[in-house]
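Written below as structure tokens is the structure these notes are about.
The values are calculated or read from the model by the stated rules, or taken from the named source; none is laboratory data. It should be emphasised that the depicted structure is a prediction, and the values quoted were computed from it without experimental measurement. With ideal geometry, Cβ positions are generated from the backbone for all residues, glycine too; neighbour counts draw on all protein chains shown.
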Amino acid sequence: MTYDFDRFLRYEEMASWLRALAAAHPTLLTVESYGKSHLGRDLLVATITDTRHGEHHTKPAHWIDANIHAVEVTGGVAALYIIHDLITKFVAGDPTVVEALRTRTFYIAPRVNPDGVEDALGDRPLFHRSSVRSWPWTDGHRWPGLHPQDIDGDGRILTMRVADADGGWMQHPQEPRVMIPVGPLGAPAGVQRYRLLAEGLIENFDGFTIDQPRDPAGLDLNRNFPAGWGVDVLGSGDHPMSEPEVHSLVRAVKARPNVCGYNAFHTAGGFMLRPSSNLPDSQLPPEDLFIFKKFGEHSTPLTSYPVHSVYEDLTWDKSRVMGGAGDDWAYDHLGVYSWTTEFWDAIYRATGEHSPTDVWYVGPTPAQDVAVCAWSDQHVPGSYVAWYPFEHPQLGKVELGGVDAFHTWTNAPSSLLKAEVAPHTEVAIYQAMASPRLEIKLADATSLGNDVWRVRLGVANTGWLPTDVTQHARRKKIVLPAVVEISYAGAAEGSELDLVEGEARVRIGQLDGRSKYLLDGGAMSDGTPDRHLHTWLVRAPIGTTLTVRASHQRAGTVTGTITLK
């Protein structure tokens, strides 16, 4: 199957494409299920690393997941593109990618919510906020009111406009496909007013009122993570990790303690969002804010996406904060630098100006809407639909039309998908290569006579970040210390080593990375906070071979041998 990242794949096609790619590159890519969705679909994760230089779990890793929200399918394309791009560039000998896959691992889960995405991509789509599970009413009863759906079978969910003298909307005077709000003074004389409704059917219509029966969020899987979870958070579920998709993801990441960075792919807005969702920056370690800023200084020029704090910049009402999000969980519970990437900014494409940070609450201005309409006519014809009459089975004569938001505002158009997601491979590689990495820099033995040897092991963290990654992790003691070990190698492996002094397995704590030198006030005198030298006294005859090992749950595992001679 050929896939050029110019369309959204249905689940079976995506799974087949992934498995075929893995079969073609068995030393670089494996695909496995880490759980089941609500409807029983396999939740797939791709593991990408050069296994000729160590198994995936022996290297520091970067985690990416996508499509936790049903309609935000651009993120899934980005995840698939990064998998393909890493493999393709490795095969072509790209030195940066070759080194990244030699020394690091990427875990990529391209479709966290396959059930919701499958409905969104259906021939007659259904749009869910996230999960398809009925919630909070679990019996699936259809409550009276409007249920959005594709009622005319054209594969789109548009807008219905109903002529109404009390309606809150009227046509834009220059662009009739764009609707603008009626202000406090009402519409100008002779201008028709309309009531706008999502395209759909009305359950138990009483001929006068139209309820919106579903909670606007429904069951939101990105409010179901343990960090900041609360019953007052819209769509948070029955309890933290109540949903199989989130429960499986949390277990999958925790089963991979080598994960040093986390990125969740969403749409839209063209933002890189960082924690916290529920705490001001004043309550986060300033060292971590500094590193977040450094990552942003690299990613923004590549992608055009500015970096924002969810709490500081995007929270409308700071007395009602968001909780239960994946990036907050990764930072709070794992202690790693975590991001939510909001792909695609239609306003930026049309005007060159980034979407305002309150766009999710107040929507675009009329001028921005008209600009996107004009841009779409040139680049994505048919995205803004002229109003056309439709005989609604309950409302009678209505008009359907307006913007096809799924393909214009929520997701990048097919013709622009690849260009939109392509820069994010480099963003992922950069954060992965910033991770801590253990290396053995010294391993020797000196005879002290009478078969006694001084054995030295010098270990360094050659990564940019410290082995515990964040200051938050250090303060909360989230990450286990590095360990050094010594044992017999070869035929004697497993036998008890005759140690004159020291223990065979020793904790050596955490090692700083090069990022520390940026926070020393410009002293230009580094010292060696990235290194540890450990010494054992061993009794063994000449010719004995010893194995020395350094390991850290995040920074990897490295092994060497020393022959006593």
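Which residue out of 228, 183, 218, 235 is surrounded by fewer than 19 Cβ atoms within 10 Å (Cβ to Cβ) and among the small types (Gly, Ala, Ser)? After applying the criteria, what remains is 183. Checking each residue in the range 104-121 for being under 26 Å from residue 50 (Cβ atoms) and among the charged types (D, E, K, R) picks out 104, 111. Only a single item in (1) assigned to a helix (DSSP H, G or I); (2) touching a residue at least 40 places away in the same chain (Cβ under 8 Å) is not met by residue 88, and it is number (2). Residues of the range 188-212 that are buried (at least 17 other Cβ atoms within 10 Å of the Cβ), in contact (Cβ under 8 Å) with a residue 40 or more places away in the chain and not in a loop (DSSP other than H, G, I, E, B): 197, 200, 202. Taking (1) modelled with pLDDT of 95 or more; (2) more than 21 Å from the chain's Cα centre (by Cα) in turn, residue 415 satisfies each apart from (1).
Could you tell me whether residue 277 is closer than 23 Å to residue 468 by Cβ and polar (S, T, N, Q)? Yes, satisfied.
In the range 539-546, is there at least one residue being farther than 21 Å from residue 480 by Cα, assigned by TED's automatic domain parsing to the domain that holds residue 488, touching a helix residue (DSSP H, G or I) at 6+ places or on another chain (Cβ under 7 Å) and at pLDDT 95 or above? For the range 539-546, residues farther than 21 Å from residue 480 by Cα, assigned by TED's automatic domain parsing to the domain that holds residue 488, touching a helix residue (DSSP H, G or I) at 6+ places or on another chain (Cβ under 7 Å) and at pLDDT 95 or above: present. Checking the stated criteria, residue 381 turns out not to satisfy the condition of being without any contact (Cβ under 8 Å) to a residue 12 or more places away in the chain, under 23 Å from the mean Cα position of the chain (by Cα) and not in a strand (DSSP E or B).
Any residue that is assigned to a helix (DSSP H, G or I), β-branched (Val, Ile, Thr), under 15 Å from the mean Cα position of the chain (by Cα) and not assigned by TED's automatic domain parsing to the domain that holds residue 176 - is there at least one of those in the range 283-301? No.
The set of residues from the range 249-280 being in a loop (DSSP other than H, G, I, E, B), among the hydrophobic types (A, V, I, L, M, F, W, C) and more than 11 Å from residue 107 (Cβ to Cβ) comprises 268, 279. Restricted to the range 93-112, and to residues there that are assigned to a helix (DSSP H, G or I) and polar (S, T, N, Q), the residue that is farthest from residue 82 (Cα to Cα) is 103. With the checklist (1) in contact with a Pro (Cβ under 9 Å, 6 or more places away or on another chain); (2) in contact (Cβ under 8 Å) with a residue 40 or more places away in the chain; (3) farther than 30 Å from residue 322 by Cβ in hand, flag the one item residue 155 doesn't pass. Looking at each condition in turn, residue 155 falls short on (2).
What about residue 397, is it surrounded by fewer than 17 Cβ atoms within 10 Å (Cβ to Cβ) and in contact with a helix residue (DSSP H, G or I) (Cβ under 9 Å, 6 or more places away or on another chain)? No: the conditions fail for residue 397. None of 439, 503 is touching a residue at least 12 places away in the same chain (Cβ under 8 Å) and at negative phi except 439.
Residue by residue, here is whether (1) within 30 Å of residue 559 (Cα to Cα); (2) touching a residue at least 24 places away in the same chain (Cβ under 8 Å); (3) not in a helix (DSSP H, G or I) holds:
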{"site": "31", "(1), (2), (3)": "yes, no, yes"}
{"site": "52", "(1), (2), (3)": "yes, yes, no"}
{"site": "65", "(1), (2), (3)": "no, yes, yes"}
{"site": "72", "(1), (2), (3)": "no, yes, yes"}
{"site": "83", "(1), (2), (3)": "yes, yes, no"}
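Return the residue satisfying two criteria in turn: it lies in the range 368-392 and is of a type outside the set (A, V, I, L, M, F, W, C) and more than 21 Å from residue 7 (Cα to Cα), and of such residues it is surrounded by the most Cβ atoms within 10 Å (Cβ to Cβ). Going through the qualifying residues, I end up with 369. Checked against (1) touching an Asp or Glu at 6+ places or on another chain (Cβ under 6 Å); (2) surrounded by fewer than 17 Cβ atoms within 10 Å (Cβ to Cβ); (3) under 27 Å from residue 61 (Cα atoms); (4) in contact (Cβ under 8 Å) with a residue 60 or more places away in the chain, residue 539 meets all criteria but (3).
Yes or no, residue by residue, for (1) among the charged types (D, E, K, R); (2) out of contact with any strand residue (DSSP E or B) (no Cβ under 7 Å at 6 or more places or on another chain):
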residue: 266; (1), (2): no, no
residue: 270; (1), (2): no, no
residue: 278; (1), (2): no, yes
residue: 287; (1), (2): yes, yes
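Determine whether residue 41 is closer than 27 Å to residue 129 by Cα and in the same structural domain as residue 114 (by TED's automatic domain parsing). Yes: the conditions hold for residue 41.
Conditions tested, residue by residue: (1) under 29 Å from residue 258 (Cβ atoms); (2) modelled with pLDDT of 95 or more; (3) surrounded by 24 or more Cβ atoms within 10 Å (Cβ to Cβ); (4) not acidic (Asp, Glu).
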| residue | (1), (2), (3), (4) |
| --- | --- |
| 275 | yes, yes, yes, yes |
| 286 | yes, yes, no, yes |
| 304 | no, yes, no, yes |
| 310 | yes, yes, no, yes |
| 322 | yes, no, no, yes |
| 334 | yes, yes, yes, yes |
| 344 | no, yes, yes, yes |
